[in-house]
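Below: one structure, written as structure tokens.
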Amino acid sequence: MDYRTVLAEVAEAAGPVASSGKVADYIPALARADPGAFGFALCDITDGGRVEGVGEWQARFSIQSVSKVFTLALVLAADGDALWQRVGKEPSGSPFNSLAQLERDQGVPRNPFVNAGALVVTDRLQTLTGDASGTLRDFLRAETGDHTIDFDRHVAASERRHGHRNAALAHLLADHGRLVNPVRTVLHHYTRQCSLTMTCQTLALAAAFLARHGLRADTTRLLTRSEAKRINAVMLVGGTYDSAGEFAHRVGLPAKSGVGGGIIAVIPGRCSLCTWGPALDGHGNSVAGTAALDAFTTLTGWSVF
Ligand code: DON
């Protein structure tokens, strides 16, 4: 595969569309991002994990909800199927921070990628490790070999100050008896995990265990093949929230987005991808990133379908 030609065409497809989106500003620290920025990277697991990229693929951005994939993997690695007693695996069809849906579902989040589900996953990781966000950071450093990966204190503080809706979700979970740790501990680790800054290059590397059916960068097993399959499946139905159907229709890959503009995607057995463009659509997914992944799967013919 001549990646250079494909990546140049991917960048060309993504370029013009960013202006139709809007940078997230409900976390004020994110509003400073350049809406026109764009990067794309792929990690080819059939070629020793070689990473190729285009645009600003080595620029750092806030990973936000992309972090939810990695906390889920760490909890499944420790607990196996027990987590699914506490969190569903259905598409949400609702905004990622819906209070009404959580209330209707008696405090059982639809899936681990809506904010309520991710709070439950972080709660469990905190119980398992005593330092949920630190454990996540160390995992990401190990998978990528980049020991500079760290939290952005400014972004975390900004989210803590303005994150009334997540606080409400956490209190609602606690009211239904769904959290083990104190609400403030769970919110602290959740906002820290979201504030991690990474690049398309390092996120593509970090997500490669999902392309390798559960094997880590050092070839040890993190997840069983079934667990890796399950994460990919839940990403397909819930990784891009209430536009998961539209996203699957266009891109045809399991993916997870974040309001920092990042999206990771997986082609099992072949490669992991990460793209970044801070301007978002109305569902919180990167406009340029979605266009880039659409172009990539169309040009290569690689998809899970
Ligand atoms: O909890 C929040 O609202 C943010 N820290 C993360 C949300 C997010 O990235 C949703 N993704 N598209």
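Note on Glu52: accessible area is roughly 40 Å² with a 1.4 Å probe, heavy atoms of protein only.
Evaluated at q = 0.11 Å⁻¹, the base-10 log of the normalised Debye intensity for the chain, with identical point scatterers placed on the Cα atoms, takes the values -0.57. Computed over neighbours whose Cβ is under 12 Å from that of Thr300, the net charge equals -3, Lys and Arg +1, Asp and Glu -1.
Averaged over residues, the count of other Cβ atoms within 10 Å places the peptides 196-208, 142-154 in the sequence 196-208, 142-154, highest first. Over all other residues within a Cβ to Cβ distance under 13 Å of Gly53, the charged ones net out to -1, with Lys and Arg as +1 and Asp and Glu as -1. Per atom type, the chain shows carbon and sulfur on 49% of its accessible surface, probed at 1.4 Å.
If the cut-off is 19 Å between C-alpha atoms, which lysines fall inside it for Lys68, apart from same-chain ones fewer than 8 positions away? Reachable lysines: Lys89, Lys229, Lys256. Applying a 4.7 Å Cβ-Cβ cutoff to the chain, the cysteines left without a disulfide-compatible partner are Cys43, Cys194, Cys271.
Taking only the alpha carbons of the stretch 3-88, we obtain Rg and Dmax values of 17.3, 46 Å in that order. Considering only Arg124, Arg212, Arg230, the mean-square fluctuation computed in a Gaussian network model of the chain, springs between alpha carbons under 10 angstrom, is largest for Arg230. Cα gyration tensor of the stretch 113-195, axes a ≥ b ≥ c as square roots of the eigenvalues: rounded (a/c below 1.5), prolate (a/b > b/c) or oblate? Judged from the Cα gyration tensor, the stretch 113-195 comes out oblate (a/c at least 1.5, b/c at or above a/b).
When only alpha carbons are used to place a centre, the stretch 95-161 and the stretch 258-281 end up 18 Å from one another. Between the listed residues His147, Leu83, Ala59, the Cα displaced farthest toward the positive end of the dipole of the stretch 3-300, a dipole computed from Cβ unit charges relative to the Cα centre, is found at Leu83. For the chain, the mean residue ellipticity at 222 nm estimated from helices alone is -14000 deg cm²/dmol, where every DSSP H run of n ≥ 4 contributes -39500 (n - 2.57) and the total is divided by all residues, rounded to the nearest 500. Accessible surface area normalised per residue over the chain is 38 Å², counting heavy atoms of protein chains with a 1.4 Å rolling probe.
The values are calculated or read from the model by the stated rules, or taken from the named source; none is laboratory data. All values derive from a computational prediction rather than experimental measurement. Virtual Cβ from ideal backbone geometry, glycine too; neighbours counted across all protein chains shown. To get the accessible areas, we keep the full protein, side chains included, count just its heavy atoms, and leave off ligands, DNA and RNA. Shrake-Rupley method; radii C 1.70, N 1.55, O 1.52, S 1.80 Å.
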